[in-house]
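Accompanying notes for the structure given below.
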Amino acid sequence: MRRLLTAIAAASMLVSSVGSALAVEPVPSTDPGPTVEPSPIAPSASAEPTSVAEPLPSADPETNAGAVAPTTAPSTVGKTAPAVAGSADPSGRWIVVLKDGTNAATTVKDRGRKLGFKADRTFSHAFRGFSAKLDRGQVDALRRDASVAMVVPDEKIEAEAQSIPTGISRMGARVSPVARINGIDERIDADVAIVDTGITQVADLNVVGGYNCSTTNRAAWRDVYGHGTHVAGTVGAIDNADGVVGVAPGVRLWAVKILDDSGEGLLSWYVCGLDWIAAQRDPTNPSRPLIEAVNMSVTKWGKDDGNCGNTNKDILHQAICRLVASGVTVAAAAANDSSSAAARVPAAYNEVITVSALADTDGKPGSLGGHRCLSWGTYDADDTFADFSNYGSDVDLIAPGKCIWSTVPGGFQYMSGTSMATPHVTGAVALVKSTRPYFTTGEVKEALQYLGNLGWKTNTDPDPYHEKLLDVSRLGPRGDFSLASGTVAAVGEGGGSARLAVAINRSTTSFERVRLSFGTLPAGMTGSFDKTSVYGFGTTTATLTVNVPQGTARGTYAVTVTGDEHGNRHAVTSTFVVKNDIPTALPPTMAPRTKATTTNTTVPVQVSWAAGTDPTSAIGGYEVQRSINGGGWTALGSTAASVRGVATTQTLGSRYQYRVRARDVVGNWSAWAAGPILTGSLVQERSSVVVYHGTWRKTLYSLASGGSTTYATATGARARMTFSGRAIAIVAPVGPTRGTAAVYVDGVYKRTVSFRATSGRSRMVMYSTTFAAVGSHSIELRLTTSKRVDLDAFVILR
């Protein structure tokens with residue numbers, strides 16, 4: 001985000017505390033020694049600078065210390081720096097943190113006047129407070145002050161190791177369409193603060209300003225020591241076919257000098273620099289920070305309390321947390337102790353991107369570069385974990401950090417250390433923010449970890465947490481995406497889940513997180529995604545599951561799915577069908593009900609029907625109605641699914657019709673299915689249509705339907721009737737001395753009926769049958785025993 005501010009100087013550097021002080025560590029041997037390969041590190045065609053000094057072959061690697069470009073002045077890196085004014089002496093110095101809401105300037109002035117001290121630095125942005133030289137009485141008085149949150153001793157900080165690599169090629173910056181490394185000066189639109197020893201304004205760097213916290217001259221942010229300038233070159237040296245090129249060529253660099261000219265500093269200077277960074281706001285949008293990325297190749301001993309320093313009163317952690325919360329991404333070196341980064345801060349802080357160092361000798365994957373670079377007393381093999389680098393679960397990324405060639409005051413130089421690995425990540429942060437300025441600090445870290453790769457010898461990692469190697473080769477301009485719905489889902493009437501697949505299709509450079517949501521669903525329905533966001537290159541799929549309650553009306557339903565990538569929104573409509581099938585009922589039949597008693601005017605009837613059907617769900621029950629003599633339909637009863645019949649009584653001579661409808665378990669009703677219209681009539685046993693064979697005798701019987709019955713007692717005696725109708729029944733008395741008879745319908749044996757009962761009963765329906773349609777039929781009764789069988793009457797329905 002292009003913004004021009006007053007050129008105020010600033011500096012940065014990776015530091016580690018020694019005792020209570022902070023000081024630059026000596027550089028054992030920062031220049032490459034003899035190479036195993038036939039040729040030294042050489043610039044690649046067009047992508048690498050052409051004026052890089054090569055490592056000097058020598059039988060003694062130490063003779064190459066301090067190698068610089070032939071046309072430059074000797075570097076001071078690795079040599080003892082001269083004493084300078086304002087050196088970092090923490091003796092008697094304290095940092096006072098004021099409570100939130102306290103006016104720092106007013107409080108400092110008032111307390112200084114009352115207690116007799118003068119603050120040399122006042123902080124109002126990273127936190128409220130000041131630093132000053134105080135005696136014990138002044139410290140005790142301030143600790144009792146109601147406006148003071150804490151008083152902590154100042155500390156000394158130091159620059160971490162220094163040395164030299166081919167990191168730009170190894171991390172893929174040469175082929176990144178965002179970095180555009182092609183020898184043409186096309187500068188990255190982002191702002192980066194180098195918190196270090198300052199930056200020298202060499203021609204290869206776009207230094208736009210800074211701030212000095214190491215002395216009282218805030219404008220003196222120039223670099224004498226060389227560390228900050230080297231870091232700055234890796235971050236953003238201009239791509240102009242001259243000198244070197246950085247990860248984010250031509251990015252606007254801000255020198256935040258927190259270390260003096262000997263590479264030492266105090267904690268209060270560190271906090272001073274962070275406070276200044278936090279105060280810088282984008283002039284076009286003050287709600288956003290001016291500076292997107294901060295490089296902290298500076299460290300000290302400390303721990304992460306997991307509470308932004310509020311538990312262990314770590315003011316550095318508090319300041320960094322507030323800086324990160326304001327939208328500034330911080331990259332921090334893991335330090336060079338060959339031990340856990342958890343003992344170094346800011347490396348241990350979860351809020352920063354912590355960087356370990358890779359030994360890379362040829363700028364290429366494949367581990368073919370051999371042993372080339374001597375630093376920290378050893379030669380590292382290509383693509384291995386640098387022997388000096390810290391490690392552990394706090395480390396987020398690994399980047400080239402051994403034998404890194406970059407700018408120094410007066411020329412160029414190789415340096416090694418996690419100090420050199422970190423600016424590769426910082427430059428990558430600038431690339432991300434230049435194309436995706438809306439990314440949060442967490443999203444920046446997520447992106448770089450996603451884009452990274454494990455194409456290095458992870459078996460050389462001292463711990464099981466194999467961090468990804470920084471790789472921006474796939475980082476392009478912000479891409480776009482679209483949504484597409486899958487096949488139409490279907491849900492049955494019993495309810496269930498409609499699974500709606502949504503494809504998220506991306507352009508070639510789109511990998512950002514797309515967050516998914518869905519519109520309002522019909523009442524009673526609920527929905528959820530299997531993933532609420534998707535991330536990464538290429539097409540991905542998410543599934544929206546819509547829970548459809550039982551009984552939802554049949555039809556097609558639509559739901560809108562929206563994808564949102566930081567305000568870039570696309571939507572698609574997905575549909576699903578509720579198949580609310582209607583059951584089918586079958587027409588009922590009616591027949592005289594067996595084992596029931598008739599009268600001279602009524603007949604007992606059983607109304608029955610076959611099971612209804614439904615394509616989707618089970619039948620839940622039935623409803624039965626009837627109509628008499630063409631009148632309206634009246635309810636006869638309802639039954640469960642397992643009961644498919646009702647018993648009733650009909651008046652002889654009247655016309656009856658029955659109808660049935662089925663209900664499925666969802667509650668859907670079928671159409672009514674009506675049976676035939678039938679009238680019942682009674683044919684007495686002495687009617688001329690009844691023909692007897694064998695010996696049959698008439699007997700007067702007052703309880704008989706016609707006042708008499710006809711009976712036989714000989715086996716083989718027969719009584720036969722021909723009739724027209726849809727149902728027929730045999731009516732007879734029963735008793736303890738009665739016999740049995742076989743029933744034949746249309747000449748076909750149907751069954752043998754027993755007329756025996758424990759007690760006598762009259763006018764009983766002993767056999768009944770129905771036919772598919774009204775027609776001419778015959779029914780015959782044949783005695784099968786010599787015991788008495790009486791015939792009372794026949795009931796015909798037609």
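Considering only region 733-746, I want to know if a residue exists there that is outside any loop (DSSP other than H, G, I, E, B), at pLDDT 95 or above, open to solvent by 10 Å² or more (accessible area, probe 1.4 Å) and hydroxyl-bearing (Ser, Thr, Tyr).
yes
Taking region 633-668, which residues are assigned to a loop (DSSP other than H, G, I, E, B) and either closer than 30 Å to Val548 by Cβ or within 60 Å of the chain's Cα centre (by Cα) (or both)?
Of everything in region 633-668, those that are assigned to a loop (DSSP other than H, G, I, E, B) and either closer than 30 Å to Val548 by Cβ or within 60 Å of the chain's Cα centre (by Cα) (or both) turn out to be Trp633, Ala641, Ser642, Val643, Arg644, Val665, Val666, Gly667, Asn668.
Every residue in region 350-380 that is part of a loop (DSSP other than H, G, I, E, B) and buried (at least 20 other Cβ atoms within 10 Å of the Cβ), please.
Of everything in region 350-380, those that are part of a loop (DSSP other than H, G, I, E, B) and buried (at least 20 other Cβ atoms within 10 Å of the Cβ) turn out to be Glu351, Val352, Asp360, Thr361, Asp362, Gly363, Gly369, Arg372, Cys373, Trp376, Asp380.
Are any residues in region 212-229 open to solvent by less than 10 Å² (accessible area, probe 1.4 Å) and polar (S, T, N, Q), and if so, which ones?
Asn212, Ser214, Thr229, listed by residue number.
Which of the residues belonging to region 747-767 are in a strand (DSSP E or B), open to solvent by 30 Å² or more (accessible area, probe 1.4 Å) and not charged (D, E, K, R)?
Of everything in region 747-767, those that are in a strand (DSSP E or B), open to solvent by 30 Å² or more (accessible area, probe 1.4 Å) and not charged (D, E, K, R) turn out to be Val748, Tyr749, Thr752, Ser754.
For region 519-567: of the residues being assigned to a strand (DSSP E or B) and among the charged types (D, E, K, R), which is least open to solvent (accessible area, probe 1.4 Å)?
Only one residue fits best here, namely Glu565.
Restricting attention to region 711-733, and to residues there that are of a type in the set (Val, Ile, Thr) and closer than 19 Å to Arg686 by Cα, which single residue is farthest from the chain's Cα centre (by Cα)?
Filtering region 711-733 for residues that are of a type in the set (Val, Ile, Thr) and closer than 19 Å to Arg686 by Cα, the one farthest from the chain's Cα centre (by Cα) comes out as Thr713.
For region 454-483, name all the residues that are closer than 19 Å to Arg513 by Cα and not in a loop (DSSP other than H, G, I, E, B).
Residues satisfying the conditions are Phe481, Ser482, Leu483.
Does Gly101 satisfy the condition of being modelled with pLDDT under 95 and exposed (fewer than 15 other Cβ atoms within 10 Å of the Cβ)?
yes
Could you tell me which numbered condition Ser297 fails, if it satisfies all but one of (1) under 25 Å from Ser434 (Cβ atoms); (2) open to solvent by 10 Å² or more (accessible area, probe 1.4 Å)?
All conditions pass for Ser297, except number (2).
When you scan region 568-632 for strands (runs of 3 or more DSSP E) that lie fully inside it, which ones turn up with 1 or more residues that are surrounded by fewer than 20 Cβ atoms within 10 Å (Cβ to Cβ) and of a type outside the set (S, T, N, Q)?
568-579, 619-628
Filter region 651-668 for residues that are of a type in the set (A, V, I, L, M, F, W, C) and more than 21 Å from Val607 (Cβ to Cβ) and give the result.
Passing the criteria: Val665, Val666.
The values are calculated or read from the model by the stated rules, or taken from the named source; none is laboratory data. All values derive from a computational prediction rather than experimental measurement. Note that we place each Cβ from the backbone using ideal geometry, even for glycine, and neighbour counts take in every protein chain shown. Note: areas computed on protein heavy atoms with side chains; ligands, DNA, RNA excluded. Shrake-Rupley method; radii C 1.70, N 1.55, O 1.52, S 1.80 Å.
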